[in-house]
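Each remark here refers to the structure printed beneath this line.
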Amino acid sequence: MHLGHSYKQQPPSGRFDAIVIGSGIGGLTVAAMLSRHGKKRVLVLERHYRIGGYTHTFTRPGYEWDVGVHYIGQVGEHGALRSVFDKLSDGRIRWAKLPEVYDRVELGARGYDLVAGTQNFIETLGKAFPAEKGAIAKYVELVKSTAKKGSMFFMTRGLPSLVSAVAAPLAKRGYAELAARTTRDVLLELTKNEELLAVLTGQYGDYGLPPSRSSFAMHASLVAHYLGGGYYPVGGASVIAAGIAPLIEEHGGHLATNAEVESVIVEQGIAVGVRLADGSEQRAPLVISDAGVANTFGRLVPEAHRPAAWTKALSSVPPSVSYVCLYLGFKSTDAELGLTGTNLWLYPDEKHDENVARFEADPEAPFPMMYLSFPSAKDPDFARRFPGRATIDAITMAKWEWFSKWQGTKWRKRGAEYDAVKARWTERMLEVLFKRLPQLKGRVDVAELSTPLTTARFASHPRGELYGLDHTPGRYELPLRAKTPLPGLLLTGADLATCGVAGGALGGLITAGALLGPGPVMDMLKRA
């Protein structure tokens, strides 16, 4: 499987037409689009030892886990995202459908299924809340219409400035008002049933903010994305990057790993290349950053060249939530353990906002949520690669401040105190797991915990944030565009749109549209 080339062992050579900082899905998408349609030679620089960003996987003897791709929507036969991935990978990526119940939201002992298909979704929740069926139907329509308007709005960020000045207000009409409001405020106009509100917002972990803090625009994008059901890449999450990489290389591109960019080189007010941590330089007429907006203008661009208006605006939106993930391995099959591909969202009760606030104030308080994903059960190829094994990802929220005292220490060598903290988190998370799935107790073979420090090290997110900029209402007021005020420098990835694989890919398409014109992007999307 293609994992890129080590920068030191196989350094890139020759002239490149564009440099992409970061090999997340946004970076890979724009690199592939430029390679295919612009016939450009693209250099992709990745600080990790594997390409793919949050689409990569890691292994331990006998096991493999994803780190960010737990499920993806809209990649069914006629899905909009399916057409994008088919084009970028020449059809090399295959998708397995999750069970019809792709998510199950549990509020204490009470459980509710989220079922694939708009009508099925409405009917299933309508049976659980018969007096609220009309409200549920209105909710789904509002979610779908808001998400559609959002996609149109984000695409204007790749249009030329003069065209965008005309198109953006039109695209924003009816969307800006909802984007500026919290999810809870909008939903309270549809129902006052707190239990139903908790179920409808039961996927909030997918963007990291409880209902009273998140923008309804983000919530709508997320829910609409999964209404058709969830899917998983056959062969594991790393097949996504492995499927896209050949297109870049076929056009003379190069994907370099262990290639940490230290700064963007600016000469006479124009971005002309990058300087790497080892002191070497790579130059190209285009520099495209998939490192996140905060990283790009807080670290990579020299301070004298940071646009004042953008810097001021960015300071008003905090980084997103940090998280802790417990990767578990079992010497048994999913069938033997009674595991399926349905994701489990475990909550103490229906009070999402109160539970998050309590936990943020006291990390020893009960977890406000825990998400359980079963990658081995989702991937029909897992049993071939790892026979007789099963895996689980258990995820909960965390604050950077709880781990920041160990910032600057070396990975896997952070000291006894840090190891003790990790052991305590592991113990607490296993307690929640065993309470929900008691058949797993005593059967764990591997348990490895990642903290926000892991994210900071491998993804270069300064505070270990999972989703880049926080998805508050304020995020949707930022003046972000693919082409930045610094000539020669462009942005791509999730910060241009929304979090997740779909948001990151959309960010890549926005940037591709800014460079290639809207034709190639619209042609790709028309296939859906």
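Summary table below
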{"quantity": "Near pairs, Cβ below 6 angstrom, 6+ apart or cross-chain, from the stretch 379-396 (among the hydroxyl-bearing types (S, T, Y)) to any residue that is in a loop (DSSP other than H, G, I, E, B)", "calculated": "T396/F367"}
{"quantity": "Filtered residues of the stretch 2-40 (kept if at positive phi and surrounded by fewer than 18 Cβ atoms within 10 Å (Cβ to Cβ))", "calculated": "G14, K39"}
{"quantity": "Wholly enclosed strands (runs of 3 or more DSSP E) of the stretch 75-130 bearing at least 3 residues farther than 30 Å from T191 by Cα", "calculated": "95-97"}
{"quantity": "Unique residue being in the same structural domain as D334 (by TED's automatic domain parsing) and either β-branched (V, I, T) or closer than 21 Å to Y71 by Cβ (or both) when the list is A377, A398, A394", "calculated": "A394"}
{"quantity": "Strands (runs of 3 or more DSSP E) enclosed by the stretch 231-321 - at least 3 residues per element that are surrounded by 15 or more Cβ atoms within 10 Å (Cβ to Cβ) and over 22 Å from the mean Cα position of the chain (by Cα)", "calculated": "261-267, 270-276"}
{"quantity": "For L222: the one exception among (1) part of a loop (DSSP other than H, G, I, E, B); (2) crowded, with 22+ Cβ neighbours inside 10 Å", "calculated": "(1)"}
{"quantity": "Top-ranked residue of the stretch 48-82 - restricted to ones that are crowded, with 18+ Cβ neighbours inside 10 Å and more than 18 Å from the chain's Cα centre (by Cα), ranked as modelled with the lowest pLDDT", "calculated": "G79"}
{"quantity": "Among the candidates T396, T391, T409, residue that is under 19 Å from G230 (Cβ atoms) and among the polar types (S, T, N, Q)", "calculated": "T391"}
{"quantity": "Out of G126, G73, G134, G111, sole residue that is outside the structural domain of A242 (by TED's automatic domain parsing) and in contact (Cβ under 8 Å) with a residue 60 or more places away in the chain", "calculated": "G73"}
{"quantity": "Helices (runs of 4 or more DSSP H) wholly inside the stretch 338-452 that include at least 3 residues being crowded, with 21+ Cβ neighbours inside 10 Å and at pLDDT below 95", "calculated": "none"}
{"quantity": "Count of the stretch 101-125 residues which are over 26 Å from the mean Cα position of the chain (by Cα) and buried (at least 17 other Cβ atoms within 10 Å of the Cβ)", "calculated": "3"}
{"quantity": "Given (1) modelled with pLDDT of 95 or more; (2) out of contact with any Leu (no Cβ under 6 Å at 6 or more places or on another chain); (3) of a type outside the set (F, W, Y), number of the condition T455 does not satisfy", "calculated": "(1)"}
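The values are calculated or read from the model by the stated rules, or taken from the named source; none is laboratory data. All values derive from a computational prediction rather than experimental measurement. Every residue, glycine among them, receives a Cβ derived from its backbone with ideal geometry; neighbour counts consider all protein chains shown.
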